[in-house]
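Let me begin by presenting the structure, written as structure tokens, before commenting on it.
Just so you know, all these numbers are worked out from the coordinates, no wet-lab data involved. Computed from a predicted model, the values in this text were never measured in an experiment. Here Cβ is always computed from backbone atoms with ideal geometry, including for glycine, and neighbour counts include all displayed protein chains.
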């Protein structure tokens with residue numbers, strides 16, 4: 001698709017904004033760090049770091065990278081789902097991916113008392129949470145894939161995803177009912193979402209899976225554009241619907257699944273970013289939307305994270321609260337200003 | 001007979017159409033033997049529920065025939081892959097398009113999808129074909145408008161332009177004139193007639209505008225309880241094919257004017 005307008009300037013502006021916010025995000029925190037130190041620390045080897053440089057290399061840089069990956073990944077998977085289901089309310093989690101991850105985490109945290117002793121201590125390490133969340137979302141994904149290969153109607157997949165969500169939510173409720181207050185608190189903390197707990201090993205695994213997800217999304221661009229006409233037209237244009245659908249679902253699951261595993265269930269971003277992008281760029285062409293959603297997602301996540309860490313204090317707000325608290329009004333404002341939804 | 005075959009873009013061979021579920025077979029129409037010639041405008045008419053849509057779905061490989069076969073360019077429809085079929089047959093459906101935020105140009109450009117690379121980039125040839133389709137349907141002034149800004153009549157022209165851009169031998173339209181006013185009904189059908197003549201494409205459409213179809217079509221397919229007949233409109237009138245279409249105590253066909261009247 002050729003679009004008559006040129007989008008070069010908005011893209012350059014957004015890219016510069018992204019770099020700036022990335023640096024601002026690193027400099028803010030319980031201690032403020034100057035830009036010079038930040039730049040220096042990128043080029044200092046890890047043996048001769050001073051305090052600030054150490055903080056940057058081992059805490060703030062991984063966190064800022066996580067924010068970029070989380071924001072852009074959730075935005076893109078939201079975009080894929082909204083186009084696939086032709087539903088503006090769809091988000092990355094409609095396939096039941098978060099519910100699967102929550103179930104995995106709930107089983108580990110709330111169920112750990114059942115195993116007791118040594119196993120319980122092992123189960124409560126962070127890696128086990130990541131593995132449990134990945135396994136949970138992967139299993140739900142597998143179910144959705146099996147079902148979607150049997151079901152012709154894409155809307156049915158949407159409903160089935162929601163049903164899986166209800167089932168897992170119910171199991172989590174039952175588990176919580178039998179859990180101690182301490183376990184519940186830990187589970188709730190996981191639900192707040194967190195960008196800051198990843199070390200470099202985790203960030204690299206995260207980034208690799210993220211890149212595979214992005215690759216699948218890029219391969220889906222033509223199919224997504226064809227799907228804008230609806231499935232019957234898409235089929236008449238020679239599109240292999242089942243194959244494109246599979247590609248889109250796998251891309252979403254990889255992105256949303258790993259993000260939930262490493263950063264918890266981050267709300268709102270996946271639903272809102274595609275809308276914000278469509279409003280600003282006023283196009284439905286995925287060749288434009290995909291990179292634009294990437295930039296917007298990363299930018300908004302960096303802003304939310306900078307706010308969440310309450311600069312110069314020792315407190316840190318739950319990132320999940322910030323994304324909704326500051327994101328929702330932006331979407332409302334955009335819709336009111338444009339007076340109509342671009343979809 | 002042999003010479004005739006060569007001109008047939010689409011031909012059906014003892015086709016039976018209907019729906020197949022696990023246990024039961026619902027036959028909607030059987031013994032269908034029709035042939036569509038190159039460069040002709042063909043109207044498919046018949047009452048509600050007679051099986052026009054089922055026939056069109058079978059011809060476009062949405063559902064499989066219960067028996068018999070559909071031949072496009074003397075090749076069975078089964079031998080066509082989705083992509084090959086997309087280069088031979090384009091559709092205009094009754095369903096509204098999902099994303100109305102596309103511009104007219106972008107929408108027409110989607111017709112080039114079967115020919116473009118993995119990411120859908122348009123070559124100069126593609127752009128030329130798109131612009132030509134836009135010109136042939138006289139929608140140049142709408143080119144940069146968004147689809148939600150268009151009237152039903154304009155949108156129908158855009159959808160026809162998209163089918164043209166797909167550059168296929170055969171275009172099939174499912175009720176292209178429904179919910180259009182009288183002027184636009186005639187306009188769209190005249191446009192189709194002109195396109196068939198100018199481009200040499202075969203255009204098949206289903207419609208309830210029998211009067212208009214009689215005046216404009218090169219050939220017509222009439223579906224009724226008595227079976228399916230296909231011929232030129234004049235021959236069909238002579239054969240009395242239209243008088244069987246509706247219950248005669250309600251609606252009668254006037255052979256002189258080629259139109260229907262309600263019995264008082």
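Relative contact order of region A:140-249: 22 percent, from C-alpha pairs under 8 Å at least 6 residues apart in sequence.
Every helix of 4 or more DSSP H residues in chain A counts as -39500 (n - 2.57), and over all residues that averages to -25000 deg cm²/dmol at 222 nm.
The Rg/Rh ratio for the protein assembly as shown, using Cα coordinates for both the radius of gyration and the Kirkwood hydrodynamic radius, is 1.09.
Neighbour counts of C-beta atoms inside 10 Å place B:203, B:34 in the sequence B:34, B:203, starting with the fewest.
Packing here is the average count of other Cβ atoms within 10 Å per residue, and on that basis the peptides B:140-146, A:320-326, highest first, run A:320-326, B:140-146. Take each residue of peptide B:115-122, count the partner chain Cβ atoms within 10 Å of its Cβ, and average: the result is 4.
Going by a ≥ b ≥ c, the root eigenvalues of the Cα gyration tensor, does region A:61-207 fall in the rounded group (a/c under 1.5), the prolate group (a/b larger than b/c) or the oblate group?
On the way: a/c = 2.19, a/b = 1.30, b/c = 1.69.
Oblate is the answer for region A:61-207, as a/c is 1.5 or above yet b/c matches or exceeds a/b.
Relative to the longest principal axis of the Cα atoms of chain B, the long axis of helix B:124-136 lies at roughly 50 degrees. For residue B:24 and residue A:147, FRET efficiency with R0 = 35 Å and r from the beta-carbon atoms, rounded to 0.05? That pair, residue A:147 with residue B:24, gives E of 0.85.
With 10 Å bins beginning at zero, the pair-distance distribution over Cα atoms of chain B amounts to 7, 29, 35, 22, 7, 1, 0 %.
Sorted on the mean count of surrounding Cβ atoms within 10 Å across their residues, most packed first, peptides A:254-267, A:303-316 read A:254-267, A:303-316. Entry note, chain B: relative contact order of 24 percent, from Cα contacts under 8 Å with a spacing of 6+ residues. Peptide B:104-114 has a mean of 5 when you count, residue by residue, the C-beta atoms of other protein chains within 10 Å of its C-beta. Helix B:152-165 and the longest principal axis of the Cα set of chain B meet at an angle near 80°.
Residue by residue through A:282-288, how many Cβ atoms from other chains fall within 10 Å of the Cβ on average? Whole-number average of other-chain Cβ neighbours for A:282-288 is 4. Taking all Cα pairs closer than 8 Å and separated by 6 or more residues, the relative contact order of region A:8-338 comes to 31 percent. Taking 0.36 nm per residue of sequence separation and removing the Cα-Cα distance, the residue A:310/residue A:44 pair yields an extension gain of 93.0 nm. The alpha carbons of region A:8-338 occupy a box of 63, 57, 38 Å along the principal axes, longest dimension given first. Residue order for A:187, B:183, A:233, A:54, fewest other beta carbons within 10 angstrom first, comes to B:183, A:54, A:187, A:233. Each peptide in A:242-249, A:150-157 gets a packing score, the mean of other Cβ atoms within 10 Å over its residues, and the list from highest to lowest is A:242-249, A:150-157. Site pair residue A:155 and residue A:337 shows an inter-label distance of 3.4 nm when each label is modelled 7 Å from Cα along Cα→Cβ.
Among B:158, A:203, A:13, which comes first, second and so on when ranked by fewest other beta-carbon atoms within 10 Å?
Working: B:158 27, A:203 18, A:13 11.
Ascending Cβ contact count within 10 Å gives the list A:13, A:203, B:158.
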